[in-house]
Amino acid sequence: MKKRIGKVTFLMVLSLMLVLAGCSSKTSNEEGGKKNKEGLTELTLFSADPHPQWDDMNSPVGKVVKEKTGVTVNPEFDVNGGTQKIALMVASGEYPDLIWPKGGAGTLVEAGALIDLTDLIEEHAPNLKKIYGEYMSRLKWSKDDESIYILPTSPVDTQYLTPSHGVGLQNDVVKALGYPKIETLKDFENAIKEYKEKNPTINGQPTLGLSLLADDWRIMISTTNPAFWSTGASDDGEYYVDPETHEAIMHYKRPEEKEYFRWLNHMNDIGLLDPESFVQKYDQYLAKLSSGRVLGIIDDEWQFAEAQRSMKEQGMHERMYGLYPATLEKGMKHANFQDAGYLAGWGIGITKDAEDPVAAIKFLDYLASEEGQILQNWGIEGEHYDLVDGKRVIPEEEMKVRNTDANYVKKTGIGVLKGFAPSYGDGVKDATGQTYTIASEDQIKEAYTDVEKEVLKNYGVEMWKDLYPTKDEFPVKPWGVAFNIQVPNDSELALIEQKAMDIVKKRIPDAILADPGEFDKIYDTFLKELDKAGVEKAEKERTKLIQERVKLWEK
């Protein structure tokens, strides 16, 4: 009997020890999660986008963030958009603490990988509640699931002061030609043609007319998206959305877009299109632009910004690009500044494997705080800016370095973390009446080179945005943008869209590079292949999602 009691007692004690050990472990996780050798809570992060300016949080600003939050970030950045990596995560069932999945959130939600942040925000994140404000309803996942899985990271209430899209033309081109109007693609073409004939080489290398980029997903940015930008539509990804009915069609079906690609076919036929456009990699494209021998581009500002900075550092100011709202025909309005409202959809989430979700939400909340926002935009007082009569002022020498040093972000840490939490947009003011960001019309104008100022003056404007139609000339889009409505990567809709994209990547270059006499046949075959891939079904599903979003956001 004694032995039996002893055995039972031992098992009870052992069970109690295991329970206590489990409780102890849980408490440890809740109070700090995984600690590194510095005693900081280490949060793992996966981002579907690359981050060449990542500073390992060892920059001056990074160190302050660690000190203020007790958190450091151990990231993994993907160069291929995250789709494959996210699929592998779902297959393994293992996730990092934080994830910025770009368009892959639907897959993660479907797999149960993301936690609902509603209660965490309510209990631990007053700054997140403040920054989203009236847009909190846009954080709800869907009409059937009003959980908050993703914290959108697009700037809130931003006032856009610079154009992001357009045709890029070297400053020396317009200067040499007497500042011709660049209102249509034909104007753009004529300027390139005339200048190239007079300047067959630049810096000892053959001059190139127009260079495009088609490296994997980047084909959309430089090659296919301009088809809707230059024909009066705004960005809804692979779709055009009727502003009245909210019905979606694959944008390549628009007759005017066929004519845009016909124009590219013409540019190739007359020798003005870079023959390497559809084979060059992104780094080769940037290097080519940075050499100063490419007269024209059609691209988003963020994609060629590195080359622009490089030419600025090299003192090749006449080779830098101005952006112009050229359209296929007169009367079409470039919709760069059309208001889409707050762009909820893409952002950051906390996964079910996060050891300390409270630490994670508090970290994101600090980044969204007034102090965190000023730190990420202005830097450290006394080091990157001064306080003069209560106003933040960036010294002239510091501003010069900020505008010319391509590695300024990495060296200082200013802006490194902005993409991983919501931020106030340009023009939004803090409690002191100063803007959270340094961007202002005066700051932008001061950053222009003398060459840019001369070009703008000759066009009768002060800023590049002044060449574009204003947002008041367009209706606000009640669905935001169609491309950030999340769907699982393995859904039928996503699979059809991937098939369509594979067809686009093959047939659009085929159509552009074809003999002009074959263009119509190739393009019509392309549209038939899209239909065969099931795009009509995809259009109906996207239409349904867009219309549901409009109703959800109206609530």
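The values are calculated or read from the model by the stated rules, or taken from the named source; none is laboratory data. Computed from a predicted model, the values in this text were never measured in an experiment. Counting neighbours? That spans all protein chains shown, and the Cβs are built from the backbone with ideal geometry, glycine included.
For segment 439-477, give me each residue that is farther than 23 Å from I182 by Cα, among the hydrophobic types (A, V, I, L, M, F, W, C) and surrounded by fewer than 18 Cβ atoms within 10 Å (Cβ to Cβ).
A447, V476 - these are the residues of segment 439-477 that are farther than 23 Å from I182 by Cα, among the hydrophobic types (A, V, I, L, M, F, W, C) and surrounded by fewer than 18 Cβ atoms within 10 Å (Cβ to Cβ).
The rows are residues; the columns are (1) in a helix (DSSP H, G or I); (2) in contact with a Leu (Cβ under 8 Å, 6 or more places away or on another chain).
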position	(1), (2)
T72	no, yes
L108	yes, yes
K130	yes, no
Y135	yes, no
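Hey, can you tell me all the residues within segment 431-452 that are at pLDDT 95 or above and more than 28 Å from the chain's Cα centre (by Cα)?
Correct list: D450, V451.
Hey, could you check segment 478-504 for residues that are crowded, with 17+ Cβ neighbours inside 10 Å and charged (D, E, K, R) and say which is farthest from E238 (Cα to Cα)?
K499
Here's the yes/no breakdown for (1) out of contact with any helix residue (DSSP H, G or I) (no Cβ under 7 Å at 6 or more places or on another chain); (2) buried (at least 16 other Cβ atoms within 10 Å of the Cβ):
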{"residue": "E370", "(1), (2)": "yes, no"}
{"residue": "W378", "(1), (2)": "yes, yes"}
{"residue": "G390", "(1), (2)": "yes, no"}
{"residue": "E397", "(1), (2)": "yes, no"}
{"residue": "V401", "(1), (2)": "no, no"}
{"residue": "N407", "(1), (2)": "yes, no"}
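So which of K453, K457, K465 ends up being touching a residue at least 40 places away in the same chain (Cβ under 8 Å), within 30 Å of E313 (Cα to Cα), in a helix (DSSP H, G or I) and basic (K, R)?
Step by step, each of K453, K457, K465 is checked, and only K465 is touching a residue at least 40 places away in the same chain (Cβ under 8 Å), within 30 Å of E313 (Cα to Cα), in a helix (DSSP H, G or I) and basic (K, R).
Filter segment 227-251 for residues that are in a helix (DSSP H, G or I) and in contact with a helix residue (DSSP H, G or I) (Cβ under 7 Å, 6 or more places away or on another chain); which is farthest from T184 (Cα to Cα)?
That would be H251.
Right, K505: of a type outside the set (A, V, I, L, M), over 22 Å from the mean Cα position of the chain (by Cα) and not assigned by TED's automatic domain parsing to the domain that holds I182 or not?
Spelling it out, it is not the case that K505 is of a type outside the set (A, V, I, L, M), over 22 Å from the mean Cα position of the chain (by Cα) and not assigned by TED's automatic domain parsing to the domain that holds I182.
Return only the number of the condition from (1) of a type in the set (A, V, I, L, M, F, W, C); (2) in contact with a Leu (Cβ under 7 Å, 6 or more places away or on another chain); (3) under 28 Å from V167 (Cα atoms) that L323 does not satisfy.
(2) is the only condition that L323 fails.
Within segment 132-162, work out how many residues are out of contact with any strand residue (DSSP E or B) (no Cβ under 6 Å at 6 or more places or on another chain), touching a residue at least 40 places away in the same chain (Cβ under 8 Å) and of a type in the set (V, I, T).
2
Looking only at segment 240-293, filter to residues that are in contact with a Ser or Thr (Cβ under 9 Å, 6 or more places away or on another chain) and of a type in the set (F, W, Y); which one of those is surrounded by the fewest Cβ atoms within 10 Å (Cβ to Cβ)?
W263
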